[in-house]
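What follows draws every value from the coordinates through simple rules; no lab data is involved. Everything quoted here is computed from the prediction, not taken from an experiment. We place every Cβ from the backbone using ideal geometry, glycine too, and count neighbours over all the protein chains shown.
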Amino acid sequence: MASSPLFQSPDTATPPAPTRAQVGGDATHADLIQVDTALESMRDSGYDLTAAVGEPVDNSLEANARIIRVEPTYGANNQSVDAIAVADDGAGIDPDNMAHVLSMGYSTRYGQRSGLGRFGVGMKLAGLSLGRRIDVYSTRRIDDRIWHAYIDLDEIKNGTQKHIIAESVEDWPSTYARLMADAQGNPFSSGTLVIYGNIDRLTSGGHYATALDEKISELRTFIARTYRYYLDKGRTIELAGTPVTLLDPLFLLDNPRIIKQYKPLDVRGTIIEQADIEIRPGQRIHVTVSLAPEEFRPKSGSGGTHDYKGRPIRDYHIAESAGKISMVRNGREINYDIVAKLLPAGVDKIDRYIGIEVQFPAELDEFFQVRNVKRGAVPVMKLREELRKWLDRPVRHARSQIRRHWSDVETRERAEAQAHESVTAAVARVEQTSPPGQAGKDVSPEQEQQYIRDVLDDLQLDSGGDDVDTAARVQQEIEEKPITMVDAAWSGSELFEIVHLNGKAIVKINHRHPFWKKVYGPIKAAASGTTNSTDEELLGLLRNAEAGIDALILAYAKAENLHTDAAQFDDLRTYWGTFARSYINEVIKED
């Protein structure tokens with residue numbers, strides 16, 4: 001690693017102080033903020049439900065809470081959320097600071113980079129973005145009293161509230177008292193309760209509105225993914241009374257739900273590559289690229305919505321993750337989205353099975369353009385270019401692994417489906433009156449059995465395991481029929497390979513060749529009726545087939561042309577044409 005950093009900090013020059021206005025020779029003055037209108041304007045500061053709830057959860061984690069509870073209170077007919085409470089068993093708030101916790105810009109960690117917050121506006125802006133009131137209650141182990149402070153936009157507007165005052169109260173609000181106790185009903189010895197009240201921006205209905213239950217579902221997903229490293233280390237976060245289980249887009253952490261559902265399988269992702277990249281001396285980012293487990297990417301077309309047994313896995317959100325990068329700051333995800341021009345050749349649908357994570361310390365916030373809402377982390381240009389170069393190799397490798405696995409699966413499925421049964425049966429009928437094959441007459445019985453085992457291996461069939469019936473059927477077909485066609489796949493330019501066994505022939509199709517992938521495969525899929533193709537799409541398919549067959553014949557001509565004595569192929573062409581005519585007439589009967 002080079003000793004000099006790759007990047008330098010952006011310029012942070014301080015703008016010049018403004019001059020004081022003079023009117024009529026007298027210095028005028030005004031309040032720094034028109035509190036009521038300023039707070040109303042701040043309600044549109046960019047927080048949605050997930051980001052707004054994230055702020056008090058961050059504070060709870062900073063207070064070393066072991067249990068955090070997020071509790072929405074619904075309105076009439078569950079058509080709105082009137083309040084959201086966030087309760088924890090953390091260290092609690094010092095009474096001397098209680099009056100300040102709702103003061104805009106105040107934070108005991110202001111400017112610090114060691115934790116989750118640093119700007120001093122998070123919880124206040126977050127709560128006011130949803131509703132018109134925030135209440136905070138807190139107690140500490142060294143003080144039996146419960147302290148309370150609040151801010152209310154309506155009271156500020158009508159002049160009733162001019163200051164934030166901290167006062168001791170007798171007990172927790174009755175509606176939320178149960179949240180401040182453990183599972184046995186024992187009150188927390190310390191903790192904090194934050195209530196976003198008078199919420200007026202979380203309702204159901206409206207043609208373009210997101211349904212309320214969908215918003216709550218998104219909140220659960222947000223908590224599961226954003227705080228996955230905390231959940232993995234034993235922290236408990238509950239939403240509406242139900243514990244949230246972690247969601248890891250890299251599939252490297254143990255998700256209890258997945259473990260329970262797929263036991264005894266070890267359904268975890270595979271690390272393709274990971275590395276540290278130095279940004280400046282002593283400060284690095286950590287980048288990881290992983291691959292989702294094969295059970296969740298069983299074959300082409302599964303779309304990330306079903307597992308290898310066809311069971312729905314939509315709640316793992318694989319289908320929506322193509323090209324998204326997880327940005328993790330101090331162990332907390334602050335962004336999960338597509339970053340433009342970061343992946344090789346752009347975003348591919350197949351990327352939904354590839355996990356990409358960038359971890360960085362808060363000291364490097366400026367290199368990720370972190371905002372106070374802890375969303376939208378985007379690397380600065382030079383860092384983005386470095387990440388793009390680094391990601392090129394592992395992402396391409398991951399894509400290649402996925403496609404190779406799908407090709408192997410398709411090979412096994414074709415073997416199980418007896419895809420060429422009708423054609424090889426027709427050929428067997430023609431062969432009853434055709435001259436017998438002469439190739440491979442010197443193959444011993446032992447060699448023949450070894451060749452057959454090799455074919456079964458090419459088909460990814462385990463003759464001693466779950467594929468025993470399919471393997472036995474394929475072996476019987478090879479032994480009984482004069483010519484057998486099987487589906488395989490290998491790296492190479494061959495269209496097919498032929499194994500000759502005592503006058504019989506086994507044709508192994510190489511489905512990685514473009515002819516089978518781009519011409520034969522689409523035709524077969526359309527013929528099977530498994531695709532809902534339009535007339536225009538079918539016409540395009542026929543045109544591709546025409547061009548593909550033309551290219552196939554021309555390629556054969558080129559292959560002959562590479563030999564100085566092309567006359568040696570005269571008999572081959574004659575035999576090929578003769579048997580092609582006989583087989584096609586038998587396979588495709590005229591009405």
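Structure values in brief
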| quantity | calculated |
| --- | --- |
| Under Karplus coefficients 6.51, -1.76 and 1.60, residue-wise ³J(HN,Hα) of segment 295-304 in Hz, glycine/proline x | 4, 9, 9, x, 6, 4, x, 6, x, x |
| Under-5 Å amide H pairs with Ile146, H placed in peptide plane, nonlocal only | Val169 |
| Two-site FRET efficiency, Arg388 against Asp550, from Cβ-Cβ distance with R₀ of 60 Å, rounded to 0.05 | 0.90 |
| Under 18 Å from the Cα of Lys341 - aspartates and glutamates, other chains or at least 8 residues apart | Asp351, Glu357, Glu385, Glu386, Asp392 |
| All aspartates and glutamates inside 13 Å of Lys508 as judged from Cα atoms, apart from same-chain residues fewer than 8 positions distant | Asp454, Asp457, Asp458, Asp487, Glu494, Glu497 |
| Sequence-distant residues sharing a close amide H with Ile237 (under 5 Å, placed H) | Ile68, Val244 |
| In sequence order, calculated HN-Hα J values of segment 533-545 (Karplus, 6.51, -1.76, 1.60; Hz; x Gly/Pro) | 7, 7, 4, 5, 5, 5, 5, x, 5, 5, 5, 5, 5 |
| Long pairs among Lys233/Lys389; Lys260/Lys309; Lys349/Lys518; Lys504/Lys589, criterion Cα-Cα beyond 27 Å | Lys233/Lys389 |
| Proxy reagent accessibility, fewest Cβ within 10 Å first, across Asp254, Asp171 | Asp171, Asp254 |
| Debye log10 I(q)/I(0) at q = 0.09 Å⁻¹ for segment 256-408, Cα point scatterers | -0.31 |
| Karplus (6.51, -1.76, 1.60) ³J(HN,Hα), θ = phi - 60°, over segment 480-485, in Hz, Gly and Pro reported as x | 9, 9, x, 9, 10, 10 |
| Sorted by Cβ density within 10 Å, fewest first, the residues Lys263, Lys215 | Lys263, Lys215 |
| Signed unit charges on C-beta, dipole axis of segment 412-587, positive-most listed residue Ala419, Gln475, Leu572 | Leu572 |
| Segment 280-333: GluC sites (Glu not before Pro) in DSSP loop, at most 15 other beta carbons within 10 Å | Glu320 |
| At most 14 other Cβ within 10 Å, DSSP loop - trypsin sites (Lys or Arg not before Pro), segment 535-591 | Lys589 |
| Residue order, fewest to most beta carbons within 10 Å, for Thr411, Thr221 | Thr221, Thr411 |
